[in-house]
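Worksheet: the structure to be examined is printed underneath.
Values in this text are rule-based calculations from the coordinates and carry no lab data. All values reported here derive from a predicted model rather than from experimental measurement. Cβ coordinates were reconstructed from backbone atoms using ideal geometry, including for glycine residues, and neighbour counts include every protein chain displayed.
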């Protein structure tokens, strides 16, 4: 079956779950992105190369606008994670997730995520990853969805395991950590007809 041009896929601006809004960034989001990243920088610095210095407000706004443009072009599908209020509206920014490093010809996607400091223990990222994985398989017809992280990142690995991803292996010294030193990468995946049932 020939792959459809991803620009022809009608992509929702948001995925809504029981407690969360997963929404594409838009102009004006820079202020809430900046606040969350700056607050969470001490937790992110150990794992995220992009979180080594605090961004300016302008840099955060540019990041959000670039992410929106890449989302529109289907080059990268970054989503901000907002708390869902009792009235159904959007509350506080809790982190971010998204589908990255995709191959639309398969289709195959990689999920990334980070959570705002002080929001641990609530299952925010677990709920977001489950919803995004379901979206990838059901709407984007994914054959494979994977999550990669440093093999030392126990919390990130626990999220993948709670969400039903299978550890396929550890790639030894396959990339560099935030200090430029070789690191091992754990690779988890859900694959159609294995972890992900074929739709009825």
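Only beta bridges with both residues in the stretch 6-191 are counted; by DSSP, about 90 percent of them are antiparallel. Each of 114, 21, 104 was scored by other Cβ atoms within 10 Å of its Cβ. Listed from fewest to most, they are 104, 114, 21. Report summary: the helix-based calculation at 222 nm, which adds -39500 (n - 2.57) for every DSSP H run with n ≥ 4 and divides by the residues of the chain, gives -9000 deg cm²/dmol.
Protection proxy ranking, highest mean first, for peptides 46-54, 129-137, 61-69, 78-86: 129-137, 78-86, 61-69, 46-54, where packing is the per-residue count of other beta-carbon atoms within 10 Å, averaged.
Gap in Å between the Cα centre of the stretch 80-152 and the Cα centre of the stretch 5-21? Spelled out, the Cα-based centre of one part sits 11 Å from the other.
Under conditions of 37 °C and 0.692 mPa s, the stretch 78-180 yields 220 µm² s⁻¹ as its translational diffusion coefficient, taking Rh as the Kirkwood radius over Cα pairs in the Stokes-Einstein equation. For the chain, the relative contact order is 17 percent, taking Cα pairs closer than 8 Å that sit 6 or more residues apart in sequence and dividing their mean separation by the residue count. Relative contact order of the stretch 1-61: 30 percent, from C-alpha pairs under 8 Å at least 6 residues apart in sequence.
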